[in-house]
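Bear in mind that the values in this text are calculations on the coordinates, not laboratory data. The structure displayed is predicted, hence computed values, not measured ones. So basically every Cβ, Gly included, is an ideal-geometry build from the backbone, and we count neighbours across all protein chains shown.
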Amino acid sequence: MKKSVIALACLTAFTNIAQAASVKAYGRLDAGITSISGVGANDESLTGLAYGPLSSSRWGLKGKEDLGGGFGAFFAIESEVHNDTGLSGGNNKTGSNAGSVYWKRKSIIGLKTNFGTFSLGLNKTIDKVLASKYDMIGSNFAGFKTISDYVAIGDRIDNAIFYESKELGTGGKIFFERQFGEVAGDSEENTRTGIAATFKFGDVNAFLAYSEAKGAGGADDWDQVGFGIQYKTPQKVVLKAQYWDLSNDTSADTSGLGFSADGEGYSLSVLGPISQHTKIGLGYHHSEQPDVSGESISITQLALLHSFSKKVTGYVMAGSLDNGSAANHELHKKGFSSQAGNGVDQDGFTIGMRVKF
């Protein structure tokens, strides 16, 4: 009897909290049968089940509450799901020495105000958000972020504050982020700072972004600029282009983000409808370290997407990767290891489905 009373009290308390804060579960599961040639130093083929070829599988909880007067509080926690094996979370998150983290994709609380939105915790950098948005479809398989080893477009940061302005007169926004190094006596050591602006002029969208990282003793580690443009034709064909340039300031990777040389990368793509529910796209992505011989990557990507409903998408994607003589990158990194040997090129395809909830 006592246990029943306690259980009822807990359920009632949770229900009241959920109603007050408007809490909901959300996520997506994405899996594809994937085949890649050019694996390993012996140029072998590999076929398996990959999680997240189109977009990373994840689940999370989010909630919000209206505080009145244009103010509102919110939170979100989000973990990655490996639906090929059942593993959830638990991987090292990019850009952190914290080790194994369950809520590795997002862990924030925030406040919506009349001056914009402020949030605190762990989240994507604005560079990552923009690079994915201005890629053809932002996919993991053969997408632009697949070649993020040379430019800082694949990161999340923790111990950070994020700001997003309200929509400005041009239809764009201003973004700011600051990762605290939390080192006593040095407010700049192990920090990252970013600022970006988006613009909208009719059917044209654009962005301009800048970020920098500081390492040991607050010394400059690297800084990066990026810009992109997108145009949607009257026939709903979307053209996208973006360019990123990373300048490394020290030969040591003092910030722990994996950059020890200058890097640059760009992406060009076109995506358009061939029927009411089906789209086809072609993308080309290139990234390199111009001062390091053989460190270059080029990917050509073809994608066919079909929307069975608002929440269910089927896809077929093919990709071809050209590794420089010193590069050993792979078309897809989720589900199984398909790393190439130095200078070994790869070709591959994936067919799968994504379900949102």
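How many nm separate the modelled label positions at Met353 and Ala73, each set 7 Å beyond the Cα in the direction of the Cβ?
It is 4.1 nm.
Quick one: go through the stretch 214-247 and flag any residue whose amide nitrogen is under 20 Å from the point 7 Å out along the Cα-to-Cβ line of Val270.
Flagged as within label range: 228-243.
What is the magnitude of the charge dipole of the stretch 26-356 about its Cα centre, with +1 placed on the Cβ of each Lys and Arg, -1 on the Cβ of each Asp and Glu, and no other charges, expressed in debye to the nearest 20?
In total the dipole reaches around 2120 debye.
Which ³J(HN,Hα) values, rounded to whole Hz and listed in residue order, are derived for the stretch 165-182 from phi using the Karplus coefficients 6.51, -1.76 and 1.60 in 6.51 cos²θ - 1.76 cosθ + 1.60 with θ = phi - 60°, glycine and proline given as x?
Rounded to whole hertz, the list is 6, 6, 4, 8, x, 7, x, x, 9, 10, 10, 9, 8, 8, 9, 7, x, 6.
For the stretch 286-357 and the stretch 18-85, what is the centre-to-centre distance using only Cα atoms, to the nearest Å?
After rounding, the separation between the Cα centres reads 18 Å.
On a 28 Å Cα-Cα criterion, which of the cross-link pairs Lys133/Lys166; Lys64/Lys240; Lys124/Lys356; Lys236/Lys334; Lys64/Lys145 come out too long?
In this structure, Lys64/Lys240; Lys236/Lys334; Lys64/Lys145 lie more than 28 Å apart at Cα.
List the aspartates and glutamates whose Cα lies under 16 Å from the Cα of Lys232, skipping any in the same chain that are fewer than 8 positions away.
Asp135, Asp203
Give, rounded to the nearest 20 debye, the magnitude of the charge dipole that the stretch 156-288 has about its Cα centre when Lys and Arg contribute +1 at Cβ and Asp and Glu contribute -1 at Cβ.
Using Cβ point charges on Lys, Arg, Asp and Glu, the stretch 156-288 gives about 1180 debye.
Ranked by Cβ crowding within 10 angstrom, fewest neighbours first, how are Arg156, Arg192 ordered?
Arg156, Arg192
For Val23, Val101, what ranking results if the residue with the fewest other Cβ atoms within 10 Å of its Cβ goes first?
Val23, Val101
Principal axis extents for the chain, Cα atoms only, whole Å, descending order, please.
Each principal axis gives a Cα extent; for the chain these are 67, 52, 48 Å.
Only helical DSSP H runs with n ≥ 4 go in: add -39500 (n - 2.57) per run for the chain, normalise by residue count and round the 222 nm mean residue ellipticity to 500 deg cm²/dmol.
Mean residue ellipticity at 222 nm (helix-derived): -2500 deg cm²/dmol.
In debye, nearest 20: dipole of the stretch 29-133 around its Cα centre with unit charges on the Cβ of K, R (+) and D, E (-)?
Roughly 460 debye for the stretch 29-133.
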